[in-house]
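Structure in structure tokens, see below.
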Amino acid sequence: MQKQARVVVIGGGVAGCSLLYHLAKLGWRDTLLLEKHELTAGSTWHAAGLVTHFGVSTSLSIARILKYSVELYKGLEAETGQAVDFREVGSIRLATVPERLDHYRDARGLARIAGLPFEIIGPEEIGRLCPIISLDNVLGGAWTPTDGYVDPSSVTQAMAKGARDLGAEIRRHTPVRALRQLPSGEWDVVTDAGTVRAEIVVNAAGIWAREVGRLAGIDLPTVPMEHQYLITDVVPALAGSHREMPVVRDVEASFYVREENGSLIVGPYERNPKSWSAYGVPPEFGQQLLAGNFDQIGDVVELAQARVPALATVGVKQLLNGPISYTPDGNALMGWAPGVRNLFVLAGFSIGIAQGGGAGRNAAEWIVEGQPPDDMWELDVRRFGPHASAVPYVIEKSIEVYENEYAIPYPTLEMPAARPLKTDPLYDRLAARGAVFGARNGWERPLWFTPSGEPPFNEPTYRRPGWLLYEIAECRAVRERAGLLDMTSFSKYEVHGPGAEALLDRLCANRLPRVGRAAITQMLTPKGGIECDVTVTRVAGDRFYIITAAGTEAHDLEWIERHAPTDGSVVVENVTGRWGVLMVAGPRSRDLLAPLTESDLSNPAFPFMAAQDIFIGSIPVRALRVTYTGELGWELHHPIEYSRALYDLLTEAGTAVGLADIGYRALDSLRLEKGYRLWGVDIAPQCTPLEAGLERFVRFDKGDFIGRDALLRQRDEGISLTLACLAIDLAATDDLFPRGGEPVYQGDRMVGYLRAAHPGHTVGTTIGLTYLSMALSTAGTRLDIEILGERRGASVVEAPLYDPEGGRMRG
């Protein structure tokens, strides 16, 4: 076996072979794939092979992955000579409850953005396409004509052959026994056939991903789940010549059914599913199946028999039970593993065949080019913190995901399993004051506050939610008086040491602040994309305090640690759990705080973007005069053991100024009124600060930083897209409620899609953000937004809509 490779891929399933193939297509051919058994062993070989352009909870990024997979599989046979047996039969998802039609209307808009064929059809057309199914209670269906199925083993072998033909190497029956990282960052991959030195290791080990991760010293949040499907005897109605019926998913009954050589395959997603070998997959397991358990899926099979009456009169040829990977949110794990260097993850796929082609392409470009072509944040392994890797947590969340495989994915739905998990000292106090919580990176955070005796209005919907009444009151409190928000979940790092300034200067596009000041800055990819969006405070000459969003804790930490020198000159500490944070914002916030401290909070003494260590009462506070609301305000960072005392002090004193508790839904409205950006929503690695309107945070004259050359080229050539602000024509009585992901049209031509949208209660309009061509970004341009299949007008407006001069936050 070869002794050295640029990339070693561990795992020969559909994901690993797809990555190897796409790396070779990009010219990286000094690569080696190691498979402990045969290619496709584990989950790939026994998959049902469904490929689709649209999953129940598909986002735009995942839709693009699915689209690419289908297009790739269609052409693989001609390219490689390896049959893949792709059958483009289409698929129908039934709607038997009215709320499901809203889901399909929303998905149809998404499909149009992605360029996918997708229509909502009526019962008559469904009956014509699928004559063997019962139409009882069917209101309509989502029809995707280019969906179908493929032979999982054949498509994997085709990509393996394509990779080999381009020069990549594959070794079967070569288990990896150890992973040893050298000081250089390279890996020694120890196998039964010898040791291979690799620049990069990719964990594509499928159901063994946790075990392979542990060889490198990390725990991945994934667990195998049992999934059963049955194959019937030949169905008489399908025995003769006929048009093969589409794949049918009865989503309320929770099963799929498709033809298989005159028989039917039925795949249920039952209640109370079972995890398998969660604490360690047997090393000898390969191309085996688990024992079938018909009682486990019997309830769903009965529902399937009612929908497909032929199932009740035909025998079962085979009941298959095989393990497939699940994660706490059902999405795969991709990207650079936090905590180690040069270890990439491509695992955790519960629908690996459908996503394998597109995921492999994105992973390859991520490795080769420094960022993927699509926004992969929903799949990024760094979206999870360490809490998510605990096996009991993964099991409980994976069961929830499995049971809700076909549930309506309401846009603001908060799933309840394994909660509460991470709570700060104020959790009980906020709950007693009416907080309705959501979870972010395991933290419980207040979304809004329900006044005493009022209904919580927490029912999920695609339309105007009832809780908006409470959000309006919270926004009014911030704009007119003062609001108090628990922001303890924010991620915080301390970076210090003699090399800290040089490291951060290299990472940050903005100039680093002087001692006692804070700066907003983006950290960029080599292509100039926005990898991180953070606030940096210099607390001493060589000590910095970095704040970022709760959800990006592992992501941003990995980015900083990846670039830190290994000579000990920089220490990077995650101090998220040590610091509580309370935000006080509003025109009366100074009136609230001034009597509680001996420090001077006046503008000359404590200007905007300043940071000072002060006392609020007896409580030591690192006070930052920053804002995400556009109002005068402070973030009060404090040792977390003081949180309850600080909160009680503020709320007691706050009665004099009309202080109100607020939640994160109100914050989203307030930030859009000010035009503030949110990473992972309206900014991402696929856009640059110049396109996002953030050039004021880029200092080209400060010296070199990652992404500078790419931004200079873009600045010289001129940008073609810019993030524009829209005022959307929605009356107060309109129940449509855009939130991002809706198509934007000029006449009949789609020109973009909303990245974010929310009512701006102070400015009196629903605000949307979208990337538009420069020609369309001029204020006054009229456009249309498609929301659940209905058009509403919109105008491009100058941003920000609220206090454009910024006088209130500097007052």
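The values are calculated or read from the model by the stated rules, or taken from the named source; none is laboratory data. A quick note: this is a predicted structure, and the numbers were derived from the prediction, not measured. Methodologically, a virtual Cβ is constructed for each residue, glycine included, from the backbone with ideal geometry; neighbour enumeration extends over all protein chains shown. These area figures cover heavy atoms from the full protein model, side chains too; ligands, DNA and RNA do not enter into them. Shrake-Rupley method; radii C 1.70, N 1.55, O 1.52, S 1.80 Å.
Give me the accessible area of His242, 1.4 Å probe, in Å² rounded to the nearest 10.
Probe radius 1.4 Å; accessible area of His242 about 80 Å².
Need one number: nm distance between label points at Arg419 and Glu369, each 7 Å from Cα along Cα→Cβ, rounded to one decimal.
In this crude label model, Arg419 to Glu369 measures out at 3.6 nm.
Then there's this: Which trypsin sites (Lys or Arg not before Pro) in the range 509-562 sit in a loop by DSSP (not H, G, I, E or B) and have at most 12 other Cβ atoms within 10 Å of their own Cβ? Numbers along the way, then the final one.
Details: sites: Arg511, Arg514, Arg517, Lys527, Arg538, Arg543, Arg562; in loops: Arg511, Arg514, Lys527.
Taking the range 509-562 and a limit of 12 other Cβ atoms within 10 Å, the loop trypsin sites (Lys or Arg not before Pro) found are Arg514.
Candidates (1) 11; (2) 71; (3) 59; which is the computed percent of Cα pairs over 54 Å apart?
(1)
Let me ask you something else. Could you work out the equivalent-ellipsoid semi-axes for the range 58-189, taking the square root of 5 times each eigenvalue of the Cα gyration tensor, largest first, in whole Å? Provide the component values of the computation, followed by the final result.
Values: eigenvalues 326, 78, 39 Å².
Working through the eigenvalues yields semi-axes of 40, 20, 14 Å.
Something else now. With everything on Cα atoms, drop me the angle between helix 664-673 and the longest principal axis of the chain, reported from 0 to 90° to the nearest 10.
Result, in degrees: 70.
Per the 1.4 Å probe, what fraction of the accessible area of the range 162-265, in percent, lies on carbon and sulfur atoms?
Details: 1740 of 3830 Å².
Result for the range 162-265: 46 percent of the exposed heavy-atom area is carbon or sulfur.
Also, quick follow-up: Quick check: the angle from helix 60-80's long axis to the longest principal axis of the chain, C-alpha only, nearest 10 degrees?
That works out to roughly 40 degrees.
Let me ask something else about it. Two decimals, Cα atoms only, Kirkwood Rh: what is Rg/Rh over the range 672-755?
Numbers: Rg = 16.1 Å, Rh = 15.3 Å.
We get a ratio of 1.05 for the range 672-755.
Same structure again: Where the convex hull is taken over the Cα atoms of the range 608-706, what is its projected area averaged over directions, in nm²? Please report the intermediate quantities before stating the final value.
Numbers: hull surface 35.7 nm².
For the range 608-706, averaging the hull's shadow over all directions gives 8.9 nm².
Once both axes come from the Cα atoms, what is the angle between helix 708-717 and the longest principal axis of the chain, in degrees from 0 to 90, rounded to 10?
Approximately 90 degrees, to the nearest 10.
For the range 575-618 and the range 421-442, compute the distance between their C-alpha centroids and round to whole Å.
That distance is 23 Å.
To continue, here is another question. Roughly how many percent of the accessible protein surface of the range 674-811 is carbon and sulfur, given a 1.4 Å probe and a whole-percent answer? Could you put the intermediate results ahead of the total?
On the way: 2710 of 5750 Å².
Its accessible area is 47 percent carbon and sulfur atoms.
Turning to a different aspect of this structure: What accessible area per residue, rounded to a whole number of Å², is obtained for the range 487-613 using a probe radius of 1.4 Å? Don't skip to the end; give the middle numbers.
Numbers: 4290 Å² over 127 residues.
Here the residues of the range 487-613 average 34 Å² of exposed surface.
Something else about it: Assuming R0 = 45 Å, what is the FRET efficiency of Ser452 and Ala779, from their Cβ-Cβ distance, to the nearest 0.05?
Working: r = 44 Å, r/R0 = 0.97.
After rounding to 0.05, the efficiency reads 0.55.
State which entries of Lys422/Lys492; Lys3/Lys25; Lys25/Lys161; Lys274/Lys317 exceed 18 angstrom in Cα-Cα distance in the structure shown. Walk me through the intermediate numbers first.
Details: Lys422/Lys492 16 Å; Lys3/Lys25 23 Å; Lys25/Lys161 12 Å; Lys274/Lys317 23 Å.
As for pairs spanning more than 18 Å Cα to Cα, those are Lys3/Lys25; Lys274/Lys317.
Kindly report the accessible area of the range 125-169 per residue (heavy atoms of protein chains, probe 1.4 Å, no ligands, DNA or RNA), in Å². Before the final figure, lay out each step's value.
Details: 1600 Å² over 45 residues.
That works out to 36 Å² per residue.
Taking 45 Å as R0, compute the FRET efficiency from the Cβ-Cβ separation of Glu480 and Arg543 and round it to 0.05. Please report the intermediate quantities before stating the final value.
On the way: r = 38 Å, r/R0 = 0.85.
Taking R0 as 45 Å, the efficiency between Glu480 and Arg543 is 0.75.
Can you show me the helix-derived [θ] at 222 nm for the chain, built from DSSP H runs with n ≥ 4 at -39,500 (n - 2.57) apiece and divided by the number of residues, rounded to the nearest 500. Spell out each step's value before the answer.
Values: 19 runs with 206 residues, N = 811.
Calculated from helices alone, the mean residue ellipticity at 222 nm is -7500 deg cm²/dmol.
Could you work out the pair-distance distribution P(r) of the range 719-811 from its alpha-carbon pairs, with 10 angstrom bin width and percents rounded to whole numbers?
17, 51, 26, 7, 0
Between the range 302-341 and the range 474-497, how many Å separate their Cα centres?
Taking the Cα centre of the range 474-497 as reference, the centre of the range 302-341 is 41 Å away.
By DSSP, what percent of the beta bridges with both residues in the chain are antiparallel, rounded to the nearest 5?
Values: 128 of 153 bridges.
Looking only at bridges with both residues in the chain, the antiparallel portion is about 85 percent.
Which value, in Å², gives the accessible area per residue of the range 365-455 when a 1.4 Å probe is used on the protein heavy atoms? Write out the running numbers ahead of the final one.
On the way: 3560 Å² over 91 residues.
Dividing the accessible area of the range 365-455 by its residue count gives 39 Å².
Under a point spin-label approximation (7 Å from Cα along Cα-to-Cβ), what is the Ala432-Arg562 distance to one decimal in nm?
For the pair Ala432/Arg562, the computed spacing is 4.5 nm.
Against the globular-protein guess of 2.2 N^0.38 Å, express the Cα radius of gyration of the range 193-261 as a ratio, rounded to two decimals. Walk me through the intermediate numbers first.
On the way: Rg = 21.1 Å, N = 69, 2.2 N^0.38 = 11.0 Å.
Cα-based Rg divided by the globular estimate yields 1.92.
Determine the distance separating the Cα centre of the range 121-137 from the Cα centre of the range 678-696; give it in Å without decimals.
46
How much accessible area does Val202 have with a 1.4 Å probe, in Å² rounded to the nearest 10?
The accessible area comes out at roughly 0 Å².
So if we plug the beta-carbon distance of Ile231 and Arg128 into 1/(1 + (r/R0)^6) with R0 = 30 Å, what FRET efficiency do we get, rounded to 0.05? Kindly include the intermediate steps, with their values, before the conclusion.
On the way: r = 26 Å, r/R0 = 0.86.
Efficiency computed from Cβ-Cβ geometry: 0.70.
With label points built 7 Å along Cα→Cβ from the Cα atoms of Arg715 and Glu79, find their separation and express it in nm.
Here the answer is 3.9 nm between the modelled labels.
Which whole-number percent gives the relative contact order of the range 687-811, counting Cα pairs below 8 Å spaced six or more residues apart? Could the numbers behind the result be given before it?
Details: 199 pairs, mean separation 30.9, N = 125.
So the answer I get is 25 percent.
Quick one: accessible surface of Asp136, probe radius 1.4 Å, all protein chains present, in square angstrom to the nearest 10.
That residue has around 100 Å² of solvent-accessible surface.
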